[in-house]
Amino acid sequence: MLSFDENGWLYPDPLKNITHDIGIVEINDLLKLANEEDFWSACVREDVKKRLEKDKKGVRLDWFVEDLMIKNTGGTVISMPFGKDIITFNSNRHFFRGENQQFLKSLPSLRRKQEGKSKYESELIKVIAVMRSFQFLKFIWKIDVVPFWKAKLSDINIDALAQHYGFDTCLLDLTNDFRTALFFATCKYDYKTDSYRPLTKKDIEATEDSKYGVIFHSPNWVLDYLNGGSFEWHMHRLNNPDKGPYSFYSGYLDGMAFQIGYQPLMRCHHQSGYIMPMMNATPLQSDNRFEKLRFLQSEELSNRVYEMMDKGKKIFPHEGIGKSLDILRTIQKAVIFSEDDLLYAYDFGEVDKKMFPTIDNLRKAITTFQVDGKCVSIQKGEIEYPISPSVLQEINDEYNGRNLLDDIGNMIHQYPEQRWYREKRCIDIYGKLI
């Protein structure tokens, strides 16, 4: 039976970077292990809840409880090195990534767009991606739950949200749930419907590489920022006066996995989502921190997994934002931006200041650049993406009907200074406490 060793690996000598061929028996073993992980995580959560009930309000917990909670328990507010607070979901002890065929290089979408381009072109492609993500944030800010979330609960990780809703970023998706990874390894995205479907015989037999699905695996202590994966990173920065926050696009956070936590939109936590910045990092195929598991695809397996995940709804929920899919896809291809978008990219997109020492230099360069045959332009005013009041109301009705505390498991732990910070954000957004 396939099982994890004392260090969390499935196979001996993980550093040899071997591809392991597995079959349905091993896949079933991994599904059983996923259930065991759920049980372990639930037990940790219950233990923490019991300890919290005995703790006095506003008093910091002892180190052991605090450390245990941060690592493994949902509902904890944590400040991350990229300058955002998150509300955690339950952590498990492993990371996975599933891909529905063999690829030469597993890289984030932005990195794939930059492949084969000059450094100058790559820099401009990155700037455009950052501006599109910022436009995405401005658009979703119209949805009631988004400013409410920031005012009352936690920060919004716009890069992670953009990644999960189809925008190019330097982030690669990981999950701590094997079932989620298996779904992505055995099903195919349908662009027209913005949903997933089982693989067909035609899909499987299209190429030699499409005959195989691939699962990448790593114990979380190897990668997870909250569970030891940041130890070397912290050691390198002991004497570094630059304390952050660090942009994902800086390369300083490359190779670590960061929990996305709960967000106002639903895909991230439904997928138990983590992100791994890879602005300069090596593809997963050559990263010996990941075990590589390969299996032969079949329609039978694909349909089984598809049904197991409620036809994809368990991890790819049909939610309100889907009613504005046409607008999101327009923003994903945008070539018209505002001065505010450009300033945001210049300040937060880690633009190479040697290449573009001033924002005027960047503006001049990007307005002579073409994307898919279209010229990029910068305007003074904001770029509007109108949405009809009736559609916006439909979207709001879906999100406003949710009990957000139910979403995060009816347990949230934050320190007094975090509550104070959230109250300040609330006043900034609404002009008063609500």
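List the relative contact order of segment 156-297 as a percent without decimals, with contacts defined as Cα pairs under 8 Å and 6+ residues apart.
Numbers: 190 pairs, mean separation 48.4, N = 142.
After rounding, I find 34 percent.
Rg and Dmax of segment 308-434 over Cα atoms: what are they, in angstrom?
Taking only Cα atoms of segment 308-434, I get Rg and Dmax of 20.4, 53 Å.
Between beta-carbons, use under 12 Å as the cut-off and find the net charge around GLU115, counting Lys and Arg +1, Asp and Glu -1.
Here the charged neighbours net out to +4.
Using 1/(1 + (r/R0)^6) with R0 = 41 angstrom and r between the beta carbons of ASP209 and GLN393, what's the FRET efficiency to the nearest 0.05?
The calculated FRET efficiency here is 0.35.
Tell me which lysines have Cα within less than 19 Å of LYS424's Cα, excluding those fewer than 8 residues away on the same chain?
Filter leaves LYS84, LYS150, LYS152, LYS432.
Just order 154-165, 334-345, 205-216 by mean Cβ neighbour count inside 10 Å, highest at the front, would you?
154-165, 334-345, 205-216
Counting only DSSP beta bridges with both residues in the chain, what percent are antiparallel, rounded to the nearest 5?
Restricted to the chain, the bridges split so that about 80 percent are antiparallel.
How much accessible area does ARG112 have with a 1.4 Å probe, in Å² rounded to the nearest 10?
140
In the structure shown, do any of LYS105/LYS192; LYS119/LYS364; LYS126/LYS364; LYS105/LYS311; LYS126/LYS354; LYS126/LYS192 have a Cα-Cα gap over 19 Å, and if so which?
Values: LYS105/LYS192 26 Å; LYS119/LYS364 17 Å; LYS126/LYS364 16 Å; LYS105/LYS311 28 Å; LYS126/LYS354 16 Å; LYS126/LYS192 26 Å.
As for pairs spanning more than 19 Å Cα to Cα, those are LYS105/LYS192; LYS105/LYS311; LYS126/LYS192.
If I take the Cα coordinates of segment 134-289 and project them onto the principal axes, what are the three extents in Å, biggest first?
56, 43, 23
So how long is each side of segment 83-214 along the principal axes, counting just the alpha-carbon atoms, biggest first, in Å?
Extents along the principal axes, in whole Å: 49, 41, 32.
Considering the Cα trace of segment 231-315, what is its radius of gyration and what is Dmax, both in angstroms?
Rg then Dmax for segment 231-315, in Å: 17.9, 56.
Against the empirical 2.2 N^0.38 Å scaling, what ratio does the C-alpha Rg of the chain come to?
That ratio works out to 0.99.
Listed highest first by mean packing, meaning other Cβ atoms within 10 Å per residue, what order do 421-433, 247-259 come in?
For the peptides 421-433, 247-259, the packing ranking is 247-259, 421-433.
How large, in percent, is the carbon and sulfur part of the accessible surface of the chain at a probe radius of 1.4 Å?
53
Determine the calculated [θ] at 222 nm for the chain from helices alone, applying -39500 (n - 2.57) to every DSSP H run no shorter than 4 residues and normalising by the residue count; nearest 500 deg cm²/dmol.
-12000 deg cm²/dmol
At q = 0.12, 0.13, 0.21 Å⁻¹, what base-10 log of I(q)/I(0) does the Debye formula yield for segment 277-379 when every alpha carbon is treated as an equal point scatterer in vacuo?
Debye intensities relative to I(0), on a log10 scale: -0.79, -0.87, -1.10.
So which aspartates and glutamates can LYS201 reach, going by Cα to Cα under 14 Å and dropping same-chain residues fewer than 8 places off?
Result set, ordered by chain and number: ASP209, GLU299, GLU300.
Taking 0.36 nm per intervening residue step and subtracting the Cα-Cα distance, what contour gain separates HIS318 from LEU433 on full extension?
38.2 nm
Looking at segment 95-147, which chymotrypsin sites (Phe, Trp or Tyr not before Pro) are in a loop (DSSP not H, G, I, E or B) and have at most 15 other Cβ atoms within 10 Å?
PHE103, TRP141
Evaluate the relative contact order of the chain (contact order divided by residue number), counting alpha-carbon pairs under 8 angstrom at least 6 apart; express in whole percent.
Working: 686 pairs, mean separation 100.1, N = 434.
Taking the mean separation of contacting Cα pairs over the length of the chain, I get 23 percent.
The values are calculated or read from the model by the stated rules, or taken from the named source; none is laboratory data. The structure presented is a predicted model; accordingly, all values stated were derived computationally and were not measured. Here Cβ is always computed from backbone atoms with ideal geometry, including for glycine, and neighbour counts include all displayed protein chains. Note: accessible area is taken over every heavy atom of the protein model, side chains too, but ligands, DNA and RNA are not part of it. Shrake-Rupley method; radii C 1.70, N 1.55, O 1.52, S 1.80 Å.
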